[in-house]
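Undergrad: Quick one: the structure is below, questions incoming.
The values are calculated or read from the model by the stated rules, or taken from the named source; none is laboratory data. If you're wondering where the values come from, they're calculated on a predicted model, not measured in any experiment. Ideal geometry is used to build each Cβ from the backbone, glycine not excepted, and the neighbour counts take in all protein chains shown. Heavy atoms of the whole protein, side chains included, go into the accessibility calculation; ligands, DNA and RNA do not. Shrake-Rupley method; radii C 1.70, N 1.55, O 1.52, S 1.80 Å.
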Amino acid sequence: MPARDRVAMQVLPGLLRRDRTHLTWITLHSPDKSEHVLWNTVQPHEADPVMPERVLALAAQYNGPAAGLAPAGWGSVASQYLEIDAWLGGLLAEFHFDYVVLVSDHGMARNEEGGLPGQHGLGFTNAHRGILAIRGPGVRRGADIGRVDVRDFAPTLAYLLDLPVGEDLPGRVLEEAFTRGRVRARPVHRVPTWEADLSGWQPPPPAPSAEPPRIKARARERRTGPAWWR
Ligand SMILES: [Zn+2]
């Protein structure tokens, strides 16, 4: 797993112990990175589908977080899912969250035309399928809501935060993910837009004292000696 994700995962519990917020959001890049370089291990050829048995075989070989510089740090495609899953399990055991939403902004497609074995982007329509899972009170447990649009994520998140949903927001609240009782008790509220009208906005005038603080500090140092001296 790249250091960037590992650091983010290690820092988050410390931040949560200090401050709780209405929304906790973490973006992890390691599945994307490993899938780009190792997608051929789970889908050898573009013409064939992804092979779940290969993912499971890689998962069976998992013996803990993959560390070190690339390529060792990439682990395997399955190792990245398992490492995140284990970390998320620890996080959920320590902290209470009303709702947990897991979402991928895209999937991955096999690329055999040179470059990375896994690719996504406009030309790789197979990669447009990702995942979305929601857990929490009033969520229809175990329900498969079929294919949804990634743009439904933001309105659904607003709904879960008890915020009115902007009518100019693309996508919709995934009401079918929730029990009828929840939707009845907490119906979706809407506002025309959350966009502020900034047409008359002007940048604030510069403060009367335009001297930057650093220069002031230097001027003081010239008078009294450097900070470490005093
Ligand atoms: Zn990518």
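Undergrad: If the chain between HIS128 and VAL103 were fully stretched, how many nm would it gain, using 0.36 nm times the residue separation less the Cα-Cα distance? Each step should come with its number before you reach the end.
TA: On the way: separation 25, 0.36 × 25 = 9.00 nm, distance 1.28 nm.
Additional length available on full extension: 7.7 nm.
Undergrad: Could you go through region 175-188 in sequence order and give the Karplus-derived ³J(HN,Hα) for each residue, using 6.51 cos²θ - 1.76 cosθ + 1.60 with θ = phi - 60°, rounded to whole Hz, and x for Gly and Pro?
TA: For region 175-188, the Karplus-derived couplings read 4, 5, 7, 10, 5, 4, x, 5, 5, 5, 6, 10, x, 6 Hz, x marking Gly and Pro.
Undergrad: Taking the mean number of other Cβ atoms within 10 Å as a proxy for protection, how do you rank 52-59, 75-82 from highest to lowest?
TA: Taking the mean over residues of other Cβ atoms within 10 Å, the ranking is 75-82, 52-59.
Undergrad: Using a Gaussian network model of the chain whose springs link C-alpha atoms within less than 10 Å, name the residue from LEU122, LEU28, LEU160 with the highest mean-square fluctuation.
TA: LEU122
Undergrad: Same structure, new question: First check a/c for region 141-182, with a ≥ b ≥ c the square roots of the eigenvalues of its C-alpha gyration tensor; if it is under 1.5, answer rounded, and if not, answer prolate when a/b is larger than b/c or oblate otherwise. Intermediate values should be presented prior to the final figure.
TA: Working: a/c = 2.55, a/b = 1.32, b/c = 1.93.
It is oblate, given that a/c is not under 1.5 and a/b is not larger than b/c.
Undergrad: To check you understand DSSP bridge types, tell me what percent of the beta bridges within the chain (both residues inside) are antiparallel, rounded to 5. Let's see the in-between values first.
TA: Numbers: 7 of 9 bridges.
Approximately 80 percent, going by the DSSP bridge assignments.
Undergrad: OK, next. Taking Rh as the Kirkwood radius computed over C-alpha pairs, what is the Stokes-Einstein D of the chain at 25 °C in a medium of viscosity 0.890 mPa s, expressed in µm² per second?
TA: It comes out at roughly 112 µm²/s.
Undergrad: Could you give the accessible area per residue of the chain, probe 1.4 Å, as a whole number in Å²?
TA: 69 Å²
Undergrad: Moving on. Please report, to two decimal places, log10 I(q)/I(0) for region 162-206 at q = 0.13, 0.16, 0.32 Å⁻¹ as given by the Debye formula with identical point scatterers on the Cα atoms and no solvent.
TA: Relative scattering, expressed as log10 I(q)/I(0), comes to -0.46, -0.58, -1.16.
Undergrad: Also, I was wondering about something else. Describe numerically, in nm with one decimal, the distance between label points set 7 Å from Cα along Cα→Cβ at ASP19 and at ASN63.
TA: 4.2 nm
Undergrad: In whole Hz and in residue order, list the ³J(HN,Hα) couplings for region 35-44 that follow from phi through the Karplus curve 6.51 cos²θ - 1.76 cosθ + 1.60, θ = phi - 60°; x for Gly and Pro.
TA: For region 35-44, the Karplus-derived couplings read 5, 4, 8, 10, 5, 4, 6, 10, 9, x Hz, x marking Gly and Pro.
Undergrad: Moving on to the next point. At 7 Å along Cα-to-Cβ for each site, give me the label-to-label distance between ASP168 and SER199 in nm.
TA: Label-label distance for ASP168 and SER199, simple model: 1.1 nm.
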